[in-house]
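Below is one structure, written out as structure tokens, with a few remarks after it.
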Amino acid sequence: MASSLCHFPCYTPSPPSFSKLLSPLSRLKCATSNRAASHVAKLSSSLGDITRTDFPILNQEINGAKLVYLDNAATSQKPSCVIKALDEYYQLYNSNVHRGIHYLSSKATDLYEGARKKVASFINAPQSREIVFTRNATEAINLVAYTWGLSNLKAGDEVLLTVAEHHSNIVPWQIMGQRTGAKLNYVSLTKDGVPDMEEFKQLLSDKTKIVAVHHVSNVLGSALPIEEIVELSHKYGAKVLVDACQSVPHMPVDVQKLGVDFLVASSHKMCGPTGIGFLYGKFDLLRSMSPFLGGGEMISEVLKEYSTYAEPPSRFEAGTPAIGEAVGLGAAIDYLSQIGMHKIHEYEKELANYLYERLLTVPSIHIYGPSPAVSGFRAPLCSFNIEGVHPTDIATLIDDQHGVAIRSGHHCAQILHSELGVSSSARASLHFYNTKEEIDAFIHALKDTISFFKSFT
């Protein structure tokens, strides 16, 4: 069982009385081990060194080489205590929520709603009823587009985006534009390859009804000044939706400080399970919105002629929800919170700078997005191209020959790649369980891969 213990406490069942269901050996509170404490005491050990043993998937070889996982912008790995939380849920208290008075149902409900409270606390939402569970961040954006958008957008209105948005934050608004006649405006890039805030100010007007932007770009690694965007947008009466998929897992995010109207994120990028994400929305806004889906759970009363609807968040959670996934997300939040998001952010800034500087040593490379020395911040990811070598060839060979997992393609950002003048790129993305040694291994593998392809020319 030693391998299933996390160095940071990860999960505690919400109702104290529920602990009697668990045997001492299987309790989900991932106790801090003496070995972890000794690691912390060693100044030479990084956060990555300390935490990576909590992630069993990292302890393997791929094609005969030690796995170096650098695809965290696509999905993060899961600590053993999150995996254990899911296992325990299905073994010990699987039941439907909100629909039963028996013991298991009440405990499953407590844990499901406890996870909602953990999400609210994690992003400093004023109240947990402002958190709506969805399948993922994509569904959360679609929920806003189809409910708030259909009710509030009309011909002549404008939606303001940037060219650096993920497809999940573009396509739903395109559909709304086609249905309502609203126009989509896009903020382009500066010569430094980041969204142009001066152009944003010029495009913002009384016609702008909603601004939908990323917090951190999944391609450029740049961050938008969300507080400034919110302040400017609200002066024109526009709502602001923020895609925080690349920020919530990596830094402290405070929705009250940011002032956003809506914010979305995905569990699977923050060490939690796939199949669940969340929408934060100011309660008065959520209360004004019509249901997204109809069915059980989201109703107040059903008559032959019509139905009345529950208050948020139930109004937007039709049917049986992803209960086990919510429990797993709650466990992931416990784990991240025990480490500390400030600590994670500071360590990842160090990793991000190191990755960028090491990539600069690679011949014929073009890195997209701002230099951390110029911008003062760069997320722990780099998208790049090598002259004369296709990014998919790089990603294929670097995995096959060196066990390094990176991503290639357009990263669900085709408009951005078109703006950059390319069709695709390779991307290495880090999380707090990565180390500088892994970055060195990646750079060695990348140079070796490039040399292989260049040998044919």
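Would you calculate a helix-derived [θ] at 222 nm for the chain, using -39,500 (n - 2.57) for each DSSP H run of n ≥ 4 and dividing by the full residue count, to the nearest 500? All intermediate terms of the calculation are to be shown ahead of the outcome.
On the way: 16 runs with 169 residues, N = 457.
After summing the helix terms and dividing by the residues of the chain, the value is -11000 deg cm²/dmol.
Pairs of Cα atoms under 8 Å, at least six residues apart: use those to get the relative contact order of segment 311-457, whole percent.
On the way: 136 pairs, mean separation 34.3, N = 147.
Value for segment 311-457: 23 percent.
For the chain, list the DSSP H helices whose alpha carbon atoms reach 24 Å or more along the long axis and whose average Kyte-Doolittle value is 0.0 or above?
323-339
Around Lys239, which amide H atoms from residues at least 5 apart in sequence, or from another chain, sit under 5 Å from its own amide H, with H modelled in the peptide plane?
HN-HN under 5 Å from Lys239: Ile210, Val211.
Could you look at the chain and say what percent of its accessible area is carbon and sulfur, using a 1.4 Å probe and all protein chains? Write out the running numbers ahead of the final one.
On the way: 9730 of 18950 Å².
Answer for the chain: carbon and sulfur cover 51 percent of the accessible area.
So what are the ³J(HN,Hα) numbers for segment 58-75, from phi and the Karplus equation (6.51, -1.76, 1.60; θ = phi - 60°), rounded to whole Hz, Gly and Pro as x?
Rounded to whole hertz, the list is 6, 8, 8, 10, 10, 6, x, 10, 4, 4, 10, 8, 10, 10, 6, 6, 7, 6.
Could you pull the accessible area for Glu311 with a 1.4 Å probe, rounded to 10 Å²?
Around 80 Å² of this residue is reachable by solvent.
With unit charges on the beta carbon (Lys/Arg positive, Asp/Glu negative), name the residue among His167, Ser128, Ser151 whose Cα is farthest towards the positive pole of the charge dipole of segment 108-244.
Ser151
Which whole-number value in Å² is the accessible area per residue of the chain, probe 1.4 Å?
On the way: 18950 Å² over 457 residues.
That works out to 41 Å² for each residue.
Between Ile62 and Lys343, what is 0.36 nm times their sequence separation minus the Cα-Cα distance? Round to one decimal in nm. Mind showing how you got there, number by number?
Values: separation 281, 0.36 × 281 = 101.16 nm, distance 3.02 nm.
Difference between extended and current length: 98.1 nm.
How far is the Cα center of segment 165-231 from the Cα center of segment 414-457, in Å?
So the separation of the two Cα centres works out to 27 Å.
Short version: ³J(HN,Hα) in whole Hz for each residue of segment 247-261, in order, from phi by Karplus 6.51 cos²θ - 1.76 cosθ + 1.60 (θ = phi - 60°), x for Gly and Pro, what are they?
Rounded to whole hertz, the list is 10, 4, x, 10, 7, x, 10, 10, 5, 6, 5, 5, x, 5, 8.
Provide the solvent-accessible area of Met251, counting protein heavy atoms only and rolling a 1.4 Å probe, rounded to the nearest 10 Å².
30 Å²
Compute the relative contact order of the chain as a whole-number percentage, counting only Cα pairs closer than 8 Å that sit 6 or more residues apart in sequence.
21 percent
Given points 7 Å out from each Cα along the Cα-Cβ axis, report the Val374 to Lys447 separation in nanometres with one decimal.
2.5 nm
Kirkwood hydrodynamic radius, computed over distinct alpha-carbon pairs, for the chain: how many Å, to one decimal?
Details: mean 1/r = 0.0430 Å⁻¹.
Roughly 23.2 Å, rounded to one decimal.
Apply 1/(1 + (r/R0)^6) to the Cβ-Cβ distance of Ser307 and Ser95, taking R0 = 30 Å, and write down the FRET efficiency to the nearest 0.05.
On the way: r = 26 Å, r/R0 = 0.86.
That gives a FRET efficiency of 0.70.
Can you return the lysines within cross-link range of Lys447? Criterion is Cα-Cα under 17 Å, with same-chain partners fewer than 8 residues away left out.
Counting by Cα, and skipping residues close in sequence, Lys447 has these lysines nearby: Lys436.
When the chain is fully extended, how far beyond the present Cα-Cα distance does Ser45 get from Gln178, taking 0.36 nm per residue of separation?
Additional length available on full extension: 42.5 nm.
Amide H of Cys245: which non-local residues (sequence gap of 5 or more, or other chain) have their own amide H closer than 5 Å, using H built in the peptide plane?
HN-HN under 5 Å from Cys245: His215.
Using amide H atoms built 1.01 Å from N in the peptide plane, name the residues 5+ places from Ile276, or on other chains, whose amide H lies under 5 Å from its own.
Residues meeting the amide H criterion: Ser267, His268.
The values are calculated or read from the model by the stated rules, or taken from the named source; none is laboratory data. Here the structure is a predicted model, which is why all the values come from computation and not from measurement. Don't worry about glycine lacking a Cβ; one is built from the backbone with ideal geometry, like all the others, and counts go over all protein chains shown. These accessible areas exclude ligands, DNA and RNA; they are computed on the full protein's heavy atoms, side chains included. Shrake-Rupley method; radii C 1.70, N 1.55, O 1.52, S 1.80 Å.
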